[in-house]
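**Q** First the structure, then my questions, so here it is.
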Amino acid sequence: MSEIKEKKKYKRIVVKIGSSSLTHEEEGGLDFQKMEHLVRCLCDFRNRGMDVALVSSGAIAVGRGALGLSEKPRDIATRQACAAVGQAKLMMTYERLFGEYNQVVGQVLFTKNTIINPVARGNTKNTFDELFRLGVIPIVNENDTVSTYEMQFGDNDTLSALVVSLVKADELILLSDIDGLYTDDPHDHPDAKLIRVVEKLDSDIIGMAKDSTGSDLGTGGMSAKLRAARIATYSGADMVIVNARDVRILYDILEGDFTGTLFKARYNPNFCLENYILETLG
Ligand code: GLU
């Protein structure tokens, strides 16, 4: 296991932030300071000439806060109602923060159909290409308000990797509530070791995935992150998992000197996004 010390020049990156990282743990409201730092970093990356897309969770969590629900909603109708309220509020907040830097953003909401249906997939790809050409930062989420069980991705880790594959990004960064991939679940095993670099997704690595993330807000556990790693690395992108405690770690990632796990790109010409989706999500 080597240390991460590799500075690469990325041209197109996708950054994903989870609900538990965007909100205050106890009260559930948005963490504006963190959002401000995130937005500032992403605008800075745009200024360096990179194409940037943000996959942001938080619709359900923000809606739940706005509606004053103390418990995480379990039934589909309440989750969808929360998402309808929360997604609008989330975008309003992003609009305002990105506006500080004169950065235009656009909203892209996915259902599984967006990826499975070849026409929808092609149109979505063209939309992203055009948004990047126009210098816009697309803000992506699942369309939770209309995604019924059959049409759900369920977690934004997988969704962000699909975006990477679709737009041919060269890096995916997952801002998480955990430092990276550990040899065991660090919540139960304090002696678990952080893995710094994964060259190859072999069975040893897959066996390390545990689904506890320590929060009850998001949905993506470690196995969702490894699924994302498979899609991203096979599509030719590096993937990084880091802790969103201080999102300015994004600068350290570009410098190639950070604490977290780097999954190295391992382009696989036999990996076919369409087949993978039909086999696993179809
Ligand atoms: N799409 C959900 C939301 O915005 C979150 C999914 C996830 O946490 O992975 O609330």
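The values are calculated or read from the model by the stated rules, or taken from the named source; none is laboratory data. None of the values given here were measured: they were computed from a predicted structure. No Cβ is skipped: glycine too gets one built from the backbone with ideal geometry, and neighbour counts run over all protein chains shown.
**Q** Residues to consider are ALA59, ALA88, ALA53, ALA120; find the one that is free of Cβ contacts under 8 Å to residues at least 12 places away in the same chain and within 20 Å of the chain's Cα centre (by Cα). Full working, then the answer.
**A** Numbers: ALA59 fails: free of Cβ contacts under 8 Å to residues at least 12 places away in the same chain; ALA53 fails: free of Cβ contacts under 8 Å to residues at least 12 places away in the same chain; ALA120 fails: within 20 Å of the chain's Cα centre (by Cα).
Sole residue among the options that is free of Cβ contacts under 8 Å to residues at least 12 places away in the same chain and within 20 Å of the chain's Cα centre (by Cα): ALA88.
**Q** Can you name the condition, by its number, that ILE173 falls short on among (1) in contact with a strand residue (DSSP E or B) (Cβ under 9 Å, 6 or more places away or on another chain); (2) farther than 24 Å from MET91 by Cβ?
**A** Here ILE173 clears every test but (2).
**Q** So in the stretch 44-92, with the set limited to residues that are surrounded by fewer than 18 Cβ atoms within 10 Å (Cβ to Cβ) and among the polar types (S, T, N, Q), which one is farthest from the ligand (Cβ to nearest atom)?
**A** Residue satisfying both the conditions and the ranking: ASN47.
**Q** Pick from the stretch 200-225 the residues that are of a type in the set (Gly, Ala, Ser) and modelled with pLDDT of 75 or more: which of them is farthest from the ligand (Cβ to nearest atom)?
**A** So, considering only residues that are of a type in the set (Gly, Ala, Ser) and modelled with pLDDT of 75 or more, the one farthest from the ligand (Cβ to nearest atom) is SER203.
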